[in-house]
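The values are calculated or read from the model by the stated rules, or taken from the named source; none is laboratory data. All of these numbers come straight from a predicted model, not from anything done at the bench. Quick reminder, even Gly has a Cβ in these numbers, built from the backbone with ideal geometry, and neighbours come from all protein chains shown. Only protein heavy atoms, including side chains, enter the accessible area calculation; ligands, DNA and RNA are left aside. Shrake-Rupley method; radii C 1.70, N 1.55, O 1.52, S 1.80 Å.
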Amino acid sequence: MTVSYVVSGFAVGLLVGLTGVGGGSLMTPLLTLLFGIHPSVAVGTDLAFASATKSAGTLAHRSKGTVRWDIVRRLSYGALPAALAATLLLKHFGAVSDGISLLIRYSIAISVLLTVSALLLKSKLQVWLNAHPERQLQGTALRNATILAGAVLGTLVTISSIGAGAVGATLLVLLYPRLSPAEVAGTDIAYAVPLTAIAAFGHWWLGSINWELLATLLLGSLPGITLGSLAARAVPEKILRGLLAITLTSVAVKLIW
């Protein structure tokens with residue numbers, strides 16, 4: 001089974017490197033469906049996994065100057081309190097109870113479908129918003145909307161471990177359409193580090209992290225991410241995102257039914 005986890009980590013890392021989509025939308029359903037890991041343990045382990053991998057990504061983007069720290073702060077104002085509140089709710093209702101397990105399963109499915117929508121619509125939304133500057137938020141309205149978006153993401157990520165990647169990037173495009181793709185990626189990764197760290201700490205407190213599983217996943221994912229990043233330019237992006245969208249939709253349907 002350990003070899004299977006390493007291979008799975010490598011496969012997810014490869015896809016993340018190729019497509020830029022967060023590993024949660026791939027790893028959490030994989031652990032739940034393929035290996036039968038309890039949903040809350042799958043979520044907790046994946047959050048710890050994401051915190052480790054995104055920290056390395058943040059350092060790389062910081063060195064290139066592609067992190068908008070003012071936006072990171074606004075997102076964090078909403079995301080971090082929401083992550084704490086969601087953790088307390090999971091603690092109150094029981095993170096490993098049957099009812100919460102079903103809630104997490106459906107939350108994962110909804111988050112996966114949101115990721116699919118984000119993959120398919122992000123570029124079109126950005127083009128439309130740049131063509132209609134009068135529709136873009138400004139000033140206090142933009143600040144408040146960013147904090148609210150952070151709160152939604154914080155809740156979603158803590159419950160399902162999904163949302164900090166493609167969904168977060170799409171929200172950034174909606175709120176800040178003039179950001180370059182590199183700034184969207186860097187800012188999305190940077191705010192996700194404290195969010196996934198706090199959410200992972202909460203799941204550690206709830207007892208829903210499998211540390212041995214985490215270590216084997218990281219063992220496979222690090223070379224996978226490296227190879228995927230190197231090969232990304234050789235594979236057409238539309239093909240990759242189309243295949244990923246089909247795969248994720250199938251996963252969501254399987255989780256629901």
Rounded accessible area of residue 176 (nearest 10 Å², 1.4 Å probe) = 20 Å²
remark   = Long-range amide H partners of residue 163, meaning residues 5 or more apart or on another chain whose placed amide H is closer than 5 Å, are 25
task = For the range 88-203, build the convex hull from the C-alpha positions and give me its volume per residue in Å³.
result = 98 Å³
task = Kindly report, to the nearest 10 Å², the accessible surface of residue 201 as traced by a 1.4 Å probe over protein heavy atoms only.
result = 130 Å²
task = Please say if the range 168-224 is rounded, prolate or oblate, where rounded means a/c under 1.5 for a ≥ b ≥ c the square roots of the C-alpha gyration tensor eigenvalues, and otherwise the choice is prolate for a/b larger than b/c and oblate otherwise?
result = oblate
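Using 0.36 nm per residue, how much length does the chain from residue 102 to residue 128 gain when fully extended, once their Cα-Cα distance is taken away?
The span from residue 102 to residue 128 would gain 5.6 nm if fully extended.
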inquiry  = Suppose we keep just the alpha-carbon trace of the range 37-138; what are its Rg and Dmax in angstrom?
reply    = 17.6, 49
ask   = What is the magnitude of the charge dipole of the range 49-173 about its Cα centre, with +1 placed on the Cβ of each Lys and Arg, -1 on the Cβ of each Asp and Glu, and no other charges, expressed in debye to the nearest 20?
value = 340 debye
ask   = So how do 55, 160 rank on accessible area, 1.4 Å probe, biggest first, that is with the largest at the start?
value = 55, 160
key: Translational D in µm²/s for the range 27-79 (Stokes-Einstein at 10 °C, 1.306 mPa s, Kirkwood Rh from C-alpha pairs)   = 122 µm²/s
Neighbour-limited loop hits for trypsin sites (Lys or Arg not before Pro), the range 77-184 (at most 13 other Cβ within 10 Å; DSSP other than H, G, I, E, B) = 178
task = Please work out how much accessible surface residue 147 shows to a 1.4 Å probe, ignoring ligands, DNA and RNA, in Å² rounded to 10.
result = 40 Å²
